Amino acid sequence: MSTEVRRGAKASGAVRGRDRARYEYRDNKVAYLMLLPAVALLGVFVVWPAVWAGVLSFQDWSFYQPAEWVGWRNYYYVLTDPLFGQAIVRGLKFVAMTVPAILLLAFFFASLVVSVGRKAADVLKVSIYIPTIISGVIASILFVMIYDYSGGLLNWVLGWFGVDAIAWLGDPSTALPAIAVPAIWLGLGIPSLIMVAAMLDVPNEYYEAAAMEGANWWQKTFFITLPQMKNVSLYLIVTGIVGAIQQFELPLVMTGGGPLNSTTLPNLFIFNHFRNDLNVGYSIAAALLLFLVLGSISALVFRFINSERLVD
């Protein structure tokens, strides 16, 4: 009798296994079908253009003459061009001016939002997000008017304190910091809201236990809030660095890359070559090298700031 029971159990188990496999196959099939449109769009608009750009970077190609295979010559020209290296270094300086300021201001703003009442928090969140929806071109024009040498608001205010007018956008030493200010203003909204969500996700029990031990705000921040926000901070650092180096609208509209190329960031450098140079392969090679630079920087950030899965 026990043998028959075991055989029946094995048979029923085999049936359940086949049913489970059939259901899993059906679910996987549905999932693949739903992913197919996204994968197709990704292939058409991302993968194939990237592959074709890689092919064109090895050619002397333009819109006016047949392509000629030149091998690594375009990459050699880009790597030996001092202006490209200067643009990369200038982009890193721009990152140092903007990303730490954005993260620091976003953190303190998020701390303020989570510490006030609900109505006040809603007002603060809307106010900090408004610059995000403003066009970069409009913001550029606005700050050009603020920085104007003869009639700008900033020099007018400084004149109250006896400070002589400053050519903010006409001096190579002040042009890049002047562009960093609107970049910080435009880039503050989304990191602030992300940090607000991350702070609200930290369990209150941690803060209650710390308060029972007599911890102050600074101790709670450094030993609870910041460690719990490590993954969010990693994401914001990587995206902030990539976005800052690729800043394009502000230097294009506010200074055109001047004076003396002091605000020519990498994307503007590539755009100027694409617009003025008949050899489009040079511009494509420069864009791919910039991609490698961004990938290397992101890899270094991930190397030194390890992402962790937090457990409550």
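Throughout, read-outs are computed from the coordinates displayed, never taken from laboratory work. Remember, it's a predicted structure, so these values are computed and weren't measured experimentally. Counting neighbours? That spans all protein chains shown, and the Cβs are built from the backbone with ideal geometry, glycine included.
In degrees from 0 to 90, rounded to the nearest 10, what is the angle of the helix 118-129 Cα long axis to the longest principal axis of the chain?
Around 60 degrees separate the two axes.
Would you kindly work out the equivalent ellipsoid of the chain from its C-alpha gyration tensor and give its semi-axes, the square roots of five times the eigenvalues, largest first in whole Å? Provide the component values of the computation, followed by the final result.
Values: eigenvalues 429, 260, 57 Å².
Sorted largest first and rounded, they come to 46, 36, 17 Å.
Given the -39500 (n - 2.57) contribution per DSSP H run of 4+ residues, what per-residue ellipticity at 222 nm results for the chain, rounded to the nearest 500 deg cm²/dmol?
Numbers: 15 runs with 221 residues, N = 312.
So the calculated ellipticity at 222 nm is -23000 deg cm²/dmol.
What angle, in degrees between 0 and 90 and rounded to the nearest 10, separates the Cα long axis of helix 2-42 from the longest principal axis of the Cα atoms of the chain?
20 degrees
Can you compute 3J(HN,Hα) from phi for each residue in the range 92-101, using the Karplus curve 6.51 cos²θ - 1.76 cosθ + 1.60 with θ = phi - 60°, rounded to whole Hz and x for Gly and Pro?
5, 5, 5, 4, 5, 7, 9, 4, x, 5
Calculate, for residue 114 and residue 158, the FRET efficiency according to 1/(1 + (r/R0)^6) with r their C-beta to C-beta distance and R0 41 Å; round to the nearest 0.05.
Working: r = 36 Å, r/R0 = 0.88.
Approximately 0.70, to the nearest 0.05.
Report the gain in length on full extension from residue 296 to residue 248: 0.36 nm times residue separation, minus Cα-Cα distance, nm rounded to one decimal. Before the final figure, lay out each step's value.
Values: separation 48, 0.36 × 48 = 17.28 nm, distance 2.07 nm.
Computed gain between residue 296 and residue 248 is 15.2 nm.
Measure nothing fancy, just the Cα-based angle from helix 136-147's long axis to the longest principal axis of the chain, in degrees from 0 to 90, nearest 10.
Around 40 degrees separate the two axes.
Using amide H atoms built in the peptide plane, which far-off residues or other-chain residues are under 5 Å from residue 59 H to H?
Distant-sequence amide H within range of residue 59: 70.
Give me a comma-separated list of calculated 3J(HN,Hα) values for the range 233-250, in order, Karplus coefficients 6.51, -1.76, 1.60 applied at θ = phi - 60°, integers in Hz, x for any Gly or Pro.
4, 4, 4, 5, 5, 5, 5, x, 5, 4, x, 5, 5, 8, 4, 10, 5, 4
Could you go through the range 82-90 in sequence order and give the Karplus-derived ³J(HN,Hα) for each residue, using 6.51 cos²θ - 1.76 cosθ + 1.60 with θ = phi - 60°, rounded to whole Hz, and x for Gly and Pro?
Karplus values, whole Hz, x for Gly and Pro: x, 5, 5, x, 5, 5, 5, 4, 5.
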